Amino acid sequence: MFAVWKQELVSAVVWFMVAAILSTFIGLFLPMCLLVVTGLWIRQVRFVNRLEAWLRRGATGKPPTANGIWEEIYYHLSRLKKREKKRKRELAYRIEQFRKSTEALPDAAVVLGLDDEIEWSNSAARQVFGLKKSDKGQRIPNLVRFPEFNQFLKSRDYSKQLVILSPVNHAMVLEIKVVTYGQGLRLLLAHDVTQLKKMERMRKDFVANVSHELRTPLTVLKGYLETLTDFENDLSPLFRTSFEQMWQQTDRMQHLVDDLLLLTRLETQQKKADCVDVGQLLIQICQEGEYLASVSQRIVLHLETDKKIKGNEQELRSAFTNLVVNALKYSAEETLVKVRWYDDAGKVCMSVEDKGEGIAAVDIPRVTERFYRVDVKRSRKLSGTGLGLAIVKHVLMRHEGQLKIDSELGQGSCFCCQFPAQRIC
Ligand code: ADP
C-alpha cells in the first residue's frame, strides 16, 4: 500500500504541476505557486482546527471527517481514546470488586498514612473501632483512645501483635496487627479473638482450679503416709515396695501440682520487678542444688559480672533452679556442671552447661512444651514433671529474656538465659 505521507506529497506535487502548466498559458508562475501554498496551508489549518474542536469536546463521538494523512491521524486518535476508555472501565470494575471484597472481609482493615491518619477503612473496621466514613483524614489515635494502642503505633515496631478491647464493645477482644507497605503506608488489621481468649481463660481457670483442689487430698494422703512410715519395719516386703511406690507417686503428684500452680501464677499474675542480685541468687541455688542432689563439688560457679537485673527474684529462682537441677539430673555423677553469669555483647546471660546425655536436634524446639519429655522411658526413671522448661520459658518471657539451647546427643547441653540491656539495673 502507498504510504499516506507519500500520497500527501504526490498531491502537493500535482498541485504545483497544475500551477506550472497554467502559468505557461497565463504567466504569473510565482503568484500561482503562492496560491497553491496558501490553498495547502488553509487545508491543514482547517483539519487542525477540526481536531482541536473534537479534542475540546473530550474526543467523544465520531472523529471529524477528513482525508489524506489527517484521516489517518483522526482514526488513530479515536482508537487510542476507545482503548483508554475500555481500560478505565476495566480498572473501575476491578476497583469496585476489590472494594466489595474488602468490605466483606470479617477482619477490620484500616489504611494509615504517614501521620497515622485514616486513608481508608472497611465496614468491619468502622464497626469494631466505631469509625465513620467521614473520619477519613482524621488521626486514628484521636479516635481510638487507648494508651497501649497509641504506644504501639508510635513504636513503629510491628513484629508483635497487640491485644486490646474494642472501643465500642468492651466485651470484644481484638488482636491488632500492622503491616507496612508502599511509601510510609500501613495496613492495620484487627481480628476478633474474643472466643479464643475466653477458651484460653477457661483452660487456665480449669488447670488452676484442678491443681488447687488436688492440694487438699494430696496433703491428707501425704499425712497418712507419713504416719505409716513409723510402721514401715513391720510391713511385709511386698507391702513395703507398694508403700515406697505410694510415697514416690504422691511426691511426683505434689511436684506436678506445684509446677502447674506456678505456671498458672506466671500466666495470670501481675509482673513485679525489683533489682535482683543474680550472683547472690546463683550462689544460693548452687548450694541448694548440691544439697538436694546429695552431691558435693559437682557445680562450678563462675560469676563473671556483678550486674543485677530488674525482675522477680522468686520467679528467677524457680527458672534457674530448674536448669541446675536438670543439668545434675541428666548427666553422670562424676561430671561437672558449669554455671555462669556473664556479659555478652550488651546483654547479660546466665548459662548452665553439662556433659550429660544431651538432646537430639529434633527434640530441642519441643523441650519447652508442657509435659514434653524427650525419652519417656528414660525420663520416667528420673523424677520429673515435664513442666520445668515450660516454667523457665514463661519466666524468661516475663523478663523479656530468651532461652537458648545448645545440645548434642552424648556430648552435653548448654542452656543459656539471655536478658536484654534494658533489664540491667
Ligand atoms: P523434666 O521434669 O522431665 O525434667 P523439663 O521440662 O525440665 O522436664 O525438661 C523436659 C525434657 O528435656 C526432659 O524430660 C529431658 O528429656 C530434657 N532435658 C532437660 N534438661 C536437660 C539436660 N540438661 N540434658 C539433657 N536433657 C535435658
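A few comments on the model shown:
- Thr385 being among the β-branched types (Val, Ile, Thr), free of Cβ contacts under 8 Å to residues at least 40 places away in the same chain and either buried (at least 17 other Cβ atoms within 10 Å of the Cβ) or near the ligand (Cβ under 10 Å from one of its atoms) (or both): no
- Test: Leu40 is surrounded by 13 or more Cβ atoms within 10 Å (Cβ to Cβ), out of contact with any Leu (no Cβ under 6 Å at 6 or more places or on another chain) and within 19 Å of Ala66 (Cβ to Cβ): yes
- Conditions (1) surrounded by fewer than 12 Cβ atoms within 10 Å (Cβ to Cβ); (2) within 30 Å of Leu131 (Cβ to Cβ); (3) basic (Lys, Arg): number failed by Arg79: (2)
- Considering Val48, Val18, Val37, the condition of being within 30 Å of Lys85 (Cα to Cα) and out of contact with any strand residue (DSSP E or B) (no Cβ under 8 Å at 6 or more places or on another chain) is satisfied by Val48 alone.
- Unmet criterion (only one of (1) touching a strand residue (DSSP E or B) at 6+ places or on another chain (Cβ under 6 Å); (2) more than 13 Å from the ligand (Cβ to nearest atom)) for Ser413: (2)
- Looking only at the range 347-370, and only at residues there that are basic (Lys, Arg) and in contact (Cβ under 8 Å) with a residue 12 or more places away in the chain, the one that is farthest from the ligand (Cβ to nearest atom): Lys347
- Given (1) free of Cβ contacts under 8 Å to residues at least 12 places away in the same chain; (2) touching a Phe, Trp or Tyr at 6+ places or on another chain (Cβ under 8 Å), number of the condition Ala108 does not satisfy: (1)
- Candidates are the residues of the range 313-335 that are farther than 22 Å from Gly386 by Cβ and in contact with an Asp or Glu (Cβ under 8 Å, 6 or more places away or on another chain); the one that is nearest to the ligand (Cβ to nearest atom) is Thr335.
- Listed by first and then second residue, the pairs with beta-carbon distance under 6 Å, at least 6 apart or on different chains, first residue in the range 318-330 and assigned by TED's automatic domain parsing to the domain that holds Ser351 and open to solvent by 30 Å² or more (accessible area, probe 1.4 Å), second among the aliphatic types (A, V, I, L, M) and more than 8 Å from the ligand (Cβ to nearest atom), are Thr321/Ile285.
- Count of the range 55-87 residues which are part of a loop (DSSP other than H, G, I, E, B) and among the hydrophobic types (A, V, I, L, M, F, W, C): 2
- Answer from Gln161, Gln195, Gln183 - the residue that is open to solvent by 90 Å² or more (accessible area, probe 1.4 Å), touching an Asp or Glu at 6+ places or on another chain (Cβ under 6 Å) and under 30 Å from Asp116 (Cβ atoms): Gln161
The values are calculated or read from the model by the stated rules, or taken from the named source; none is laboratory data. Computed from a predicted model, the values in this text were never measured in an experiment. Glycine gets a Cβ as well: all are built from the backbone with ideal geometry, and neighbour counts include every protein chain shown. Note: accessible area is taken over every heavy atom of the protein model, side chains too, but ligands, DNA and RNA are not part of it. Shrake-Rupley method; radii C 1.70, N 1.55, O 1.52, S 1.80 Å.
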